[in-house]
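Student: There's a structure below that I have some questions on.
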Amino acid sequence: MNIRGIIFDLDGVLTDTAEYHFLSWQRLAHELGIPFTRDDNEHLRGVSRRQSLELLLKGRVLPEDQMQALMERKNGYYVESLVNITPDDLLPGVRPLLDELRTAGIQTAIGSASKNAQEVVRRLEIGADIDAIADGYSVIRPKPAPDLFVYAAGMLRLPVAECVVVEDAAAGVDAAQAAAMKAIGLGPVERVGHADAVFPDLSNVTLKDIVEALEARP
Ligand code: BG6
Ligand code: MG
């Protein structure tokens, strides 16, 4: 396939903000007296803020104003943790891959469900490496709907067939495939085994590795 664009999810792919999302939800759950484990959190990975809260509440139904207040409280905790982020928080392999893609003339975008994506990109100082950012404000329907990745491809002015998505979440891999894009899954096969190619993370992953891994699978 002729890859002309790579669309990266942000949280858990370029940096470990997935951990900060977990800690923020866990703090909220603790305050509400609701048990919330790392295993529970796996279901929230890549999922929108609202759906994450619904999953955390495990069937409890609250009035809309309380839902809004709880989402704001969690976001406050999350935003507090973002002050710690520096360029050193790019996950292993990300810096060299972004440099290689730039040299190879491959366009790059972020396709993140997060409304904090711009802030995270600013703190990681990768704004100059990324050609387009599609975030939690870009589309209505969250992953696993294809909309965010289709929107990102549109920002790059590329057909979906020439874009590859890199994701750490099952819902993100589903979204990429629903958009008719090839998906690279990062993490355990139990989570992203349905992707077109899987790597543990981006350490030592080159453009050639991505092309070869995708060609190995029909
Ligand atoms: C995704 C994260 O990138 O963004 C989810 O994987 C998060 O954990 C979602 O819930 C929404 O993020 P935010 O920052 O808008 O609450
Ligand atoms: Mg993610």
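The values are calculated or read from the model by the stated rules, or taken from the named source; none is laboratory data. Just so it is clear, the structure is predicted and the values come from calculations on it, not from any experiment. Counting neighbours? That spans all protein chains shown, and the Cβs are built from the backbone with ideal geometry, glycine included. Accessible surface is based on the protein model in full, side chains and every heavy atom, while ligands, DNA and RNA are left aside. Shrake-Rupley method; radii C 1.70, N 1.55, O 1.52, S 1.80 Å.
Student: As a test of understanding, state the convex hull volume per residue of the range 105-153 from its alpha carbons, in Å³.
Tutor: 66 Å³
Student: For the range 145-215, which trypsin sites (Lys or Arg not before Pro) are both in a DSSP coil and crowded by at most 14 other Cβ atoms within 10 Å?
Tutor: Passing sites in the range 145-215 are Arg157.
Student: I'd like the Kirkwood hydrodynamic radius of the range 118-177, using the inverse of the mean 1/r over distinct C-alpha pairs, in Å.
Tutor: After inverting the mean inverse Cα-Cα distance, the result is 12.3 Å.
Student: Modelled label-to-label distance, Leu91 and Arg217, 7 Å Cα→beta-carbon offset: nm?
Tutor: 1.6 nm
Student: How big is the dipole moment of the range 18-84 about its Cα centre under a simple scheme where the beta carbon of each Lys and Arg is +1, that of each Asp and Glu is -1, and everything else is neutral? Debye, nearest 20, please.
Tutor: For the range 18-84, the charge dipole is close to 60 debye.
Student: Roughly how many nanometres apart are two label points built 7 Å out from the Cα toward the Cβ at Glu31 and Ser203?
Tutor: In this crude spin-label approximation the distance works out to 3.6 nm.
Student: If you don't mind, there's one more thing I want to ask. Heavy atoms only, 1.4 Å probe, whole protein assembly: order His43, His194, His21, His30 by accessible area, highest first.
Tutor: If we order His43, His194, His21, His30 from most to least accessible, we get His30, His43, His194, His21.
Student: Here's another thing I want to ask about it. State, as an integer percentage, the relative contact order of the range 18-84 based on alpha-carbon contacts under 8 Å between residues 6 or more apart.
Tutor: Relative contact order here is 41 percent.
Student: Just to confirm the number: angle between the C-alpha axis of helix 64-82 and the first principal axis of the chain, 0 to 90 degrees, nearest 10?
Tutor: Around 60 degrees separate the two axes.
Student: Calculate the all-directions average of the projected area of the range 70-218's alpha-carbon convex hull, and give it in nm².
Tutor: Mean shadow area of the hull around the Cα atoms is 9.0 nm².
Student: Accessible area per residue of the range 18-84 at 1.4 Å probe, in Å²?
Tutor: Accessible area per residue, the range 18-84: 56 Å².
Student: How many percent of Cα pairs in the range 18-84 exceed 17 Å?
Tutor: Summing the P(r) tail past 17 Å for the range 18-84 gives 34 percent.
Student: Would you mind computing, in nm to one decimal, how far apart the modelled labels at Val83 and Tyr137 are, each placed 7 Å from Cα along Cα→Cβ?
Tutor: 2.3 nm
Student: Quick one: how many lysine pairs does the chain have with C-alpha atoms less than 17 Å apart and a gap of 8 or more or different chains? Give me the count, please.
Tutor: Taking the Cα cut-off of 17 Å, the pair count is 5.
Student: In the range 1-61, what trypsin sites (Lys or Arg not before Pro) fall in a loop by DSSP, with at most 13 other Cβ atoms inside 10 Å?
Tutor: Lys58, Arg60
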